[in-house]
Amino acid sequence: MNAEQLKQIRAELARYRAETPYEITRQHADATLRLLDRHAKPWQRSVLEGHLTASAWVLDRSGRHVAMIHHRKLDRWLQPGGHIDDTDLSWRAAAQRELTEETGLSRFVQLADEEKLFDVDVHGIPARADEPVHLHHDLRFLFVAEVDADAGVTGSLALNADESNDCRWFALADMANDTSLGPETHRMIELSVRRFA
């Protein structure tokens, strides 16, 4: 990560803010831009108030299924993602690295707008032995895996047992009615349905 990449994500956050249909994500984009104003390396975990993270909302080719992990520490179903490394070549590359590490997926359909933010979310992370309570400013990117989950390709995912209890494909239609999922997940389901309708 470098100054040019920070300039790029600042411009992308401004574009995203102008185009998102959700007031809450405009607020998240604003908060993330303020984080960029305050810190030279806002992706580093040493930024204790909070830092940038990157995650992947990954659909199958049909656009009807999403790959989720059951996060070991947070005990929730979430999209793959995590911390950004100094050596990541781009914000999307960080999300893709995390996606591959957590699910084994490595082949994706090229999208014309793949460098655009799909979603932005700021959320709290509970304290751990080595970290205080802090915020994750999560930069979310859309991926389409070269997998057809309708064909029963359960072997397309590989569990990373160090970080997750499980990983699997879920039908978006089933998830849309799942009240155990947070509003940020429902937002990405809605965006997916709009895109693939």
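The values are calculated or read from the model by the stated rules, or taken from the named source; none is laboratory data. Worth saying up front: this structure is predicted, and the values here are computed from it rather than measured. Neighbour counts are summed over all protein chains in view; Cβ atoms, including those assigned to glycine, are modelled from backbone coordinates with ideal geometry.
Could you run through the range 93-117 and say how many residues are over 24 Å from Ala158 (Cα atoms) and touching a residue at least 40 places away in the same chain (Cβ under 8 Å)?
From the range 93-117, those over 24 Å from Ala158 (Cα atoms) are 112-113, 115-117; that's our starting set.
Retained after the next criterion (residues that are touching a residue at least 40 places away in the same chain (Cβ under 8 Å)): 115-117.
The number of residues fulfilling the criteria is 3.
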Point to revise | Positions within the range 127-152 being in a loop (DSSP other than H, G, I, E, B), in contact (Cβ under 8 Å) with a residue 12 or more places away in the chain and either within 28 Å of Ile84 (Cα to Cα) or of a type outside the set (D, E, K, R) (or both), in sequence order | key: Pro132, Glu146, Val147
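Condition check ((1) outside any helix (DSSP H, G or I); (2) at pLDDT below 95) across all residues:
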| residue | (1), (2) |
| --- | --- |
| Ala11 | no, no |
| Arg15 | no, no |
| Gln27 | no, no |
| Arg34 | no, no |
| Leu48 | yes, yes |
| Thr53 | yes, no |
| Lys73 | yes, yes |
**Study point:** Enumeration of residues in the range 75-116 that are over 18 Å from Arg168 (Cα atoms), touching a strand residue (DSSP E or B) at 6+ places or on another chain (Cβ under 6 Å) and part of a loop (DSSP other than H, G, I, E, B)
**Key:** Ile84, Val109
Check your understanding: With respect to Val147, is the statement that it is crowded, with 21+ Cβ neighbours inside 10 Å, closer than 24 Å to Arg64 by Cβ and either at pLDDT below 95 or not aromatic (Phe, Trp, Tyr) (or both) true?
Key -> yes
Practice item. Could you run through the range 113-134 and say how many residues are modelled with pLDDT of 95 or more and either aliphatic (A, V, I, L, M) or buried (at least 19 other Cβ atoms within 10 Å of the Cβ) (or both)? Key: 6
Exercise for review: Pairs only if they're at least six apart or on different chains, beta carbon under 6 angstrom, first in the range 2-17 and over 11 Å from Phe118 (Cα atoms), second part of a helix (DSSP H, G or I) and aromatic (Phe, Trp, Tyr); list them, first residue then second.
Suggested key: Ile9/Trp91
Exercise for review: Please give the number of the condition Gly104 fails out of (1) surrounded by fewer than 19 Cβ atoms within 10 Å (Cβ to Cβ); (2) on the phi < 0 side of the Ramachandran plot.
Suggested key: (2)
